[in-house]
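Below is one structure, written out as C-alpha cells, with a few remarks after it.
The values are calculated or read from the model by the stated rules, or taken from the named source; none is laboratory data. Please read these numbers as outputs of a predicted model, since none were measured by experiment. Here the Cβ positions follow ideal geometry from the backbone for every residue, glycine too, while neighbour counts run over all protein chains shown. Ligands, DNA and RNA are excluded from the accessible area calculation, which covers all protein heavy atoms including side chains. Shrake-Rupley method; radii C 1.70, N 1.55, O 1.52, S 1.80 Å.
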Number of protein chains: 2
Amino acid sequence: MDRVSQMAIIGTGLLGASVGLGLKAAGFRGRIVGVGRRPESVQEAIARGAIDEAAPDVPQAVAQSQLALVAVPLSQFDAVFKQIAQGDHEDLVITDVGSTKQEVLEAARRRLAQPQRFVGSHPMAGSEQQGPGAARADLCRNKPCILTPEPDTHAWALERVEALWTMLGMRLIRMPAQEHDRQTAVISHLPHAVSVLLVQVAAERGGWQIASTGFADTTRLASSNPPMRADILWANREEVAASLEAFRRRLDRFCDLLSRGDQEALLAMLQQTKQRRDQWLKRQGRFLEVSACEAPQPQNKPENNATASEHLA
Amino acid sequence: MDRVSQMAIIGTGLLGASVGLGLKAAGFRGRIVGVGRRPESVQEAIARGAIDEAAPDVPQAVAQSQLALVAVPLSQFDAVFKQIAQGDHEDLVITDVGSTKQEVLEAARRRLAQPQRFVGSHPMAGSEQQGPGAARADLCRNKPCILTPEPDTHAWALERVEALWTMLGMRLIRMPAQEHDRQTAVISHLPHAVSVLLVQVAAERGGWQIASTGFADTTRLASSNPPMRADILWANREEVAASLEAFRRRLDRFCDLLSRGDQEALLAMLQQTKQRRDQWLKRQGRFLEVSACEAPQPQNKPENNATASEHLA
C-alpha cells in the first residue's frame with residue numbers, strides 16, 4: 001500500500017466502512033475518500049472515522065486515487081464500472097468485494113478500458129447486520145479473502161490488491177473465478193438458502209416459543225440483508241442450483257435411511273459427518289474463534305474411524 | 001426443592017453434571033448422589049463438584065431420594081425406569097432430560113408402578129460437547145424447559161419438578177408430549193439433519209478452505225454427539241419425517257423460483273423470512289444472548305412490510 005496516497009471506497013456500507021476503519025487502525029497513512037448512493041451513509045462513515053471525506057461522484061473519487069474498492073450490491077456493479085471508466089487512469093487499480101466473481105469479471109471486461117488493472121476480490125467477512133453503523137475495524141481480520149486474477153491481470157495490480165487485504169489481516173487464497181463461484185455456492189449460498197427454508201418450516205409448523213441456540217445458529221443467515229442476498233443468489237444461480245440439487249439428493253438418502261429404519265447406517269452417517277466437520281474445524285478453528293463463538297471441540301474420537309466413507313463419498 | 005433432602009442424578013454426562021453444578025451454585029442444600037454406566041464419568045462429576053457421591057446402583061440411588069433425574073441417552077430409558085422401579089417409594093418424584101417425550105412417557109407408563117409421579121421434562125440446553133468435563137453451572141440458565149405433564153400427573157410431583165428447573169433459572173413451558181415432539185422436530189431435529197446434509201454437500205463439492213463463520217454456524221449441530229443424535233432422530237422419526245417433508249416442499253418452491261428467474265418473488269421471500277426470524281429474535285434475544293454469540297439485530301425495517309405472507313403461509 002506504499003504506492004497508494006489516496007484510496008476510493010465506492011459504497012460505504014458495512015464492508016466498505018469496515019475496510020476504511022481497518023486500514024486506519026492498521027496505520028494506513030493515505031487519504032480515504034468515499035462515495036455512495038445514500039448521502040447519510042457516507043456521512044455516517046465519515047462520523048465513524050472510516051473515510052476522510054466524501055467525493056462528489058465516482059469519476060472524481062477515482063481520478064486522484066491509486067486504488068478503488070467497489071463495495072456496492074452486485075446489481076450496481078455494471079453502472080459503477082461505467083462511472084469508474086470516466087475517471088480511470090494508468091495508475092488506478094480497481095478491486096471489489098462482490099460475493100460472486102464470474103459476473104463481476106464479465107462486467108469489468110465489458111466496461112473498463114483496461115480490465116488488466118482490475119482484480120476480483122471476495123473478502124469472506126460479513127455479518128447479518130448492514131450499514132456503516134455496524135462497521136468494525138477487525139471485521140476482516142483472520143478471515144479468508146479470495147482473489148481471482150485472470151491470466152492477463154497486471155502483476156503490479158495484483159500486488160497492490162494483495163497488500164490491501166494483507167494490511168487488514170486477511171488470509172489470501174487465489175483461485176479461478178469459476179471455482180470461486182462453485183465453492184461459495186456450497187459453503188455460503190446453499191447454507192443461506194437452507195436457513196431461509198428452516199425459518200419457513202417453523203413458520204408453517206410452529207416451535208418458535210421453544211427455539212433456542214441451535215435454531216438461532218442454523219437460521220442466522222436468514223437474517224442477512226435481503227436485497228444483497230437476492231442479488232447473490234441470482235448472480236450465482238447456476239452454481240446455487242447445482243448445490244441445491246446435490247443437497248436434495250442427500251436429503252432423499254437421509255429420508256430413505258430413516259424410513260428404512262436403518263439405525264446403524266444413521267449412526268455411521270452422523271459419525272462420519274461429525275468427523276469431517278471436526279477435522280475442518282480443527283484446521284480452521286484458530287481463525288474462526290476470533291470472530292465466532294464456536295466452542296472448542298472435545299477430543300472424543302468417533303467410534304467409526306473409517307476414512308472411506310459411504311455417506312461422504 | 002424444600003422437600004428434597006436428597007436428589008439422584010442418573011447419568012452424569014454434560015447435562016446431568018451441569019444440573020448438579022447449577023443446583024450447588026444456586027444454593028441447594030440437599031445431598032446429590034450420582035450413578036452412571038461409566039465409573040470414570042461419575043468420578044469426574046464428583047471431582048467437578050457436580051455430585052456429592054456415587055451411588056452403587058440405580059435402586060439404591062433413588063431409594064433415599066425424593067427426586068430422581070434421568071439424564072441418560074434415550075435408548076437407555078426403558079432399562080433405567082425398570083431399575084428405578086426396584087427402589088421406588090411413595091415420596092419419589094421422577095423426571096428426565098430426554099429430547100423426545102412421547103416415547104419416554106410410554107416407557108414410564110410401561111415400567112413405573114406409579115407413572116403419576118413421573119413428569120416429563122426437556123431442558124433445551126446443550127452443547128455439541130459431551131461429558132461431565134464440559135459441564136457448566138449456567139448451562140440451563142435462561143433457556144426454555146418444556147414440561148409435559150399428563151392429565152393424571154400428581155400436582156405435587158409437577159410442583160417439585162418445576163421447582164428444580166426454576167432453581168436453575170429456566171423458563172418453564174408446559175405442553176402435551178405430542179406437541180413437544182412436533183415442535184422439537186421443527187426447531188431442533190430438522191436443523192440438525194440439515195446441518196449434516198450441508199457438511200455432506202461440502203464433502204462432495206468442496207469449499208472447506210474458504211468456509212467461514214456462516215458455514216460454521218449453520219453446520220454446528222453436525223458436530224453433536226452422534227449416538228445421542230441418532231437416538232433422538234430415531235425416537236422421534238415420525239415427526240422428523242414430517243418436518244423433512246415440509247422442508248422438501250419449501251426446497252422445491254425455492255428451486256422453482258430460482259429456475260423461473262423470478263427475482264422479485266425471491267426478494268420478497270427473503271424479506272418475509274428475515275422479518276419472521278427477526279421478530280422471533282427480538283422476543284427471544286435477551287435469553288439467547290446470554291449463551292450464544294448472536295449479535296444484536298439492526299433496526300432496519302424490511303421494505304416489504306406485508307404481514308400476510310405468501311412464502312410463510
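Compared with the dominant Cα axis of chain B, that is its longest principal axis, helix B:14-25 is turned about 70°.
Taking only protein heavy atoms and a 1.4 Å probe, what accessible area per residue, in Å², does chain B have with all protein chains in place? Working shown, then result.
Details: 12130 Å² over 313 residues.
That works out to 39 Å² for each residue.
Note on the protein assembly as shown: the alpha carbon radius of gyration divided by the globular reference 2.2 N^0.38 Å gives 1.06.
Computed from the C-beta positions of B:SER75 and A:ASP78, the FRET efficiency with R₀ = 56 Å rounds to 0.45. Using θ = phi - 60° in the Karplus curve 6.51 cos²θ - 1.76 cosθ + 1.60, the 3J(HN,Hα) couplings for segment B:142-155 round to 6, 8, x, 10, 9, 10, 10, x, 9, x, 9, 5, 5, 4 Hz; x is entered for Gly and Pro.
Roughly how much accessible area, to the nearest 100 Å², goes out of reach of solvent when B and A pair up, both sides summed, probe 1.4 Å? Kindly include the intermediate steps, with their values, before the conclusion.
Values: alone 16960 and 16970 Å², together 24280 Å².
The contact between A and B buries close to 9700 Å².
Between copies, A:GLU264 shows label-point distances of 5.6 nm, shortest first, with the point placed 7 angstrom from Cα along Cα to C-beta. Over the protein assembly as shown, dividing the summed -39,500 (n - 2.57) contributions of all DSSP H runs of at least 4 residues by the number of residues returns a 222 nm mean residue ellipticity of -15500 deg cm²/dmol. Available extension along the chain between A:ARG37 and A:ARG3 is 9.4 nm, counting 0.36 nm per residue and deducting the alpha carbon span.
Rounded to the nearest whole angstrom, the semi-axes of the ellipsoid equivalent to segment A:20-62, taken from the Cα gyration tensor as √(5λ), stand at 18, 13, 6, largest first.
Here is how far apart the B:ALA85 label points are across copies: 8.2 nm, shortest first, using a point 7 Å from Cα toward Cβ. Taking a 25 Å limit on the Cα-Cα distance, which of the listed pairs A:LYS274/B:LYS82; B:LYS24/B:LYS143; B:LYS143/B:LYS282; A:LYS274/B:LYS24; A:LYS143/A:LYS274 fall beyond it? Long pairs (Cα-Cα over 25 Å): A:LYS274/B:LYS82; A:LYS274/B:LYS24. For the protein assembly as shown, the share of DSSP beta bridges that are antiparallel, to the nearest 5, is 10%. Within segment A:94-184, DSSP assigns beta bridges of which about 35% are antiparallel (rounded to the nearest 5).
For the protein assembly as shown, the carbon plus sulfur part of the accessible surface works out to 46%, probe radius 1.4 Å. In terms of Cα atoms, the Rg and Dmax of segment A:1-144 work out to 13.7, 37 Å.
Just subtract the alpha-carbon distance of A:ALA113 and A:GLU264 from 0.36 nm times their residue separation and send over the number in nm, one decimal.
Numbers: separation 151, 0.36 × 151 = 54.36 nm, distance 6.09 nm.
Extra length from A:ALA113 to A:GLU264 when fully extended: 48.3 nm.
Between B:ALA54 and B:GLU159, the modelled label-to-label distance comes to 3.7 nm, taking each label 7 Å out from Cα in the direction of the beta carbon. Shape analysis of segment B:80-191 yields a ratio of the Cα radius of gyration to the Kirkwood radius, Rg/Rh, of 0.96. Net charge of the neighbourhood of B:VAL35, taken over other residues with C-beta under 12 Å away and scored Lys/Arg +1, Asp/Glu -1, is 0.
Computed over chain B, the P(r) tail beyond 35 angstrom holds 26 percent of alpha carbon pairs.
Across all C-alpha atoms in segment B:144-241, the radius of gyration and Dmax reach 17.7, 56 Å. Each listed q (0.25, 0.27 Å⁻¹) maps to a log10 I(q)/I(0) for segment A:53-117 from the Debye sum over equal C-alpha point scatterers, namely -1.14, -1.32.
Inter-copy label distances at A:GLN178, shortest first and taken from points set 7 Å along Cα to Cβ: 5.5 nm. Taking amide H as placed 1.01 Å from N in the peptide plane, A:ARG171 has its amide H under 5 Å from the amide H of A:ASN142, A:LYS143, A:CYS145, each at least 5 places away in sequence or on another chain.
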